[in-house]
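Everything below concerns the one structure shown next.
The values are calculated or read from the model by the stated rules, or taken from the named source; none is laboratory data. From a predicted model like this one, the values you see are computed outputs, not experimental measurements. Please note: Cβ atoms are built from the backbone with ideal geometry, for glycine as well, and neighbour counts cover all protein chains shown.
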Amino acid sequence: MQRVAVLFLAACCAFAATPVAGSDPEPLFRVQRLTDRVFVFTELSPWESNHVVIDSAEGLVLVDPGHTALMGRLIRDAVARELGRDRFAYIIDTHGHWGHAWGNAAFPEAVVVGHEQAAETMRTDAANLERRAEFFRGQLGQTEARLGELDPDSEEAATARLERDHLDRIVRGLEETGFAVQLPRLTFSDRLRLDLGDLQLEMLFLGAGHSYSDIAVLIPEEKVLLMGCFFLKRGSLPYFGTRPNLEPDRWLAAFDGLLGEETAIDHVVLGQHSVWPRERLAAMRDYIARLWSEVRAIDAEGVGFETAMTRLPLPPELEFLRDSGASEEDLQQMHRFEATALWRQLKESAAAEVELAINSGGAAAGVALFEEMAARDDSDVSFDEAEFNLLGYRFLGLERIDDAIAVFQLNVNRFPDSWNVYDSLGEAYAAKGNSKRAIELYRRSVELNPDNTNGADAIERLQAQHPDAPAES
């Protein structure tokens, strides 16, 4: 189960906010005017992606143009309604993930800017266009089926309609005749400054975090910093350690420069959901610095990770998340996730090695390597449940279902008391069409975690679709 909580109708920040309609009948964006020249168009969808428009003397600049040319055109329409014009001088990709950058294709008049690794990521990922379209068609079908079973006047149905419309836009965009991925034409490796006449845009590579191409965009004259998805919001929690290989020292050096006395920042715009005040970015910088220092010090003593976690209590820097409504359980989960991500940087990643083995020799080779590494019981090798789960979902997203099943099964074998590993393996078997096995796995997940409503819903849905599947004994 991919546990990504989203607040699809989050409370507006303390700025003027206006719903803006695209070509679809319902409003698609909430607009926040941060300054006289900086506007945030927030998508009213489960993703709540932020598309930032900068009105400069050189023309309009759009930061993160959305998932497809279709989405880019909807953004263009919304900007035209709000600002009275829609021609763009520059498009900036804060990272190379398709959901934020494939909208480049809607802006042929603009120069597209991004990190050199973003261009490479997009070039490689373009081969997945058809598979991605097929995957989201399946998601759309499941959402439409679920919607048909709900009370049309219920809050749950309203949520499902929002998701359905979002998935429909993605599918239409990916299947659009002539759609092709457009790469950044102006790339850089470390820093880039754009002179827009009355404004300067200062772009800085942050280092591997949410992606391998994360950049920050500073607009000094407006006191605005754009962070893309470096901090990936899941509910109120800002996760950062989502890649296998991270560069925390580089992050901290970048944040120290951005938060220095000579740099004035009033607003920090994330790639989804939120606009932070400067103080929240400073708190996250301090949290990362503290955690990275403590993790290295404890590891140097030669203790194991579980012992390390007993010596890594929640620090005071996270108080602002409590004020945002995060529960203690949520905070502990986030803290463990980030501590695990940083701990992995000091170890050899079993998941990364297994991925290489599967890609070169197939699932059997990956399983054999896993078993060999597990037998060695080397304290410098990390077997991380979340990392293997992410690997399984990467394979599932590429429709390499047998590879995904192999990885999820390894996770079940390694972490038999985790409800989430059974849920993920159940999802893979459902994708393969083996409803009987999927129901068995979902049932085990719900036994371990009765609050797993996703698993319970999946059992009900699969049994309705396949009446011959085994009922609960």
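Figures for the structure shown
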{"read-out": "Positions within region 207-234 being among the charged types (D, E, K, R) and part of a loop (DSSP other than H, G, I, E, B), in sequence order", "value": "D214, K223"}
{"read-out": "So A69, is it surrounded by fewer than 20 Cβ atoms within 10 Å (Cβ to Cβ) and either at pLDDT 95 or above or within 23 Å of E202 (Cβ to Cβ) (or both)", "value": "no"}
{"read-out": "Those strands (runs of 3 or more DSSP E) lying entirely in region 23-84 with at least 3 residues more than 17 Å from G103 (Cβ to Cβ)", "value": "27-33"}
{"read-out": "Residue that is touching a helix residue (DSSP H, G or I) at 6+ places or on another chain (Cβ under 6 Å) and of a type in the set (D, E), where the choices are E317, E301", "value": "E317"}
{"read-out": "Test: residue in region 98-116 that is closer than 19 Å to Y393 by Cα, touching a residue at least 24 places away in the same chain (Cβ under 8 Å) and of a type in the set (D, E)", "value": "no"}
{"read-out": "Residue that is loosely packed, with under 15 Cβ neighbours inside 10 Å, within 26 Å of L259 (Cα to Cα) and under 26 Å from the mean Cα position of the chain (by Cα), where the choices are R296, R290", "value": "R290"}
{"read-out": "Residue list for region 159-209, filter: acidic (D, E), touching a Lys or Arg at 6+ places or on another chain (Cβ under 9 Å) and assigned by TED's automatic domain parsing to the domain that holds N245", "value": "D198, E202"}
{"read-out": "Of all residues in region 343-354 being surrounded by 21 or more Cβ atoms within 10 Å (Cβ to Cβ) and either under 20 Å from R400 (Cα atoms) or among the aliphatic types (A, V, I, L, M) (or both), the one that is modelled with the highest pLDDT", "value": "V354"}
{"read-out": "Residue list for region 292-325, restricted to those being closer than 15 Å to P238 by Cα, out of contact with any Ser or Thr (no Cβ under 8 Å at 6 or more places or on another chain) and assigned to a helix (DSSP H, G or I)", "value": "E317, L318, E319, F320, R322, D323"}
{"read-out": "Index of the failed condition, V217 passing every other in (1) more than 15 Å from A118 (Cβ to Cβ); (2) among the β-branched types (V, I, T); (3) surrounded by 20 or more Cβ atoms within 10 Å (Cβ to Cβ)", "value": "(1)"}
{"read-out": "Inter-residue pairs, beta-carbon under 7 Å, first basic (K, R) and in region 134-159, second modelled with pLDDT of 90 or more, 6+ apart", "value": "R137/V171; R146/A160"}
{"read-out": "Within region 434-467, tally of residues that are touching a helix residue (DSSP H, G or I) at 6+ places or on another chain (Cβ under 6 Å) and not in a helix (DSSP H, G or I)", "value": "3"}
{"read-out": "Residues satisfying the stated conditions in region 355-402, i.e. within 17 Å of F135 (Cβ to Cβ), exposed (fewer than 15 other Cβ atoms within 10 Å of the Cβ) and either in contact with a Lys or Arg (Cβ under 7 Å, 6 or more places away or on another chain) or at pLDDT 90 or above (or both)", "value": "D402"}
{"read-out": "Residues (under 25 Å from the mean Cα position of the chain (by Cα), without any contact (Cβ under 8 Å) to a residue 40 or more places away in the chain and outside any helix (DSSP H, G or I)) located in region 160-198", "value": "D190, R191"}
{"read-out": "Boolean, L74 is surrounded by 24 or more Cβ atoms within 10 Å (Cβ to Cβ), farther than 30 Å from D451 by Cα and at pLDDT below 95", "value": "no"}
{"read-out": "All strands (runs of 3 or more DSSP E) inside region 235-282 with 2 or more residues being of a type in the set (V, I, T)", "value": "267-270"}
{"read-out": "Residue in region 49-60 that is among the polar types (S, T, N, Q) and under 16 Å from the mean Cα position of the chain (by Cα) present", "value": "yes"}
{"read-out": "Given (1) surrounded by fewer than 20 Cβ atoms within 10 Å (Cβ to Cβ); (2) under 23 Å from R132 (Cα atoms); (3) within 27 Å of the chain's Cα centre (by Cα), index of the condition A438 fails", "value": "(1)"}
{"read-out": "Candidates L232, L252, L183, L246 - the one that is modelled with pLDDT of 95 or more and within 29 Å of R123 (Cβ to Cβ)", "value": "L183"}
{"read-out": "Pair list, Cβ < 6 Å and 6+ apart or interchain, from region 72-85 residues that are in the same structural domain as R33 (by TED's automatic domain parsing) to residues that are among the acidic types (D, E)", "value": "R76/D86; V79/D86; A80/D86"}
{"read-out": "Residues of region 96-148 that turn out to be in a loop (DSSP other than H, G, I, E, B) and closer than 22 Å to H210 by Cα, as a count", "value": "2"}
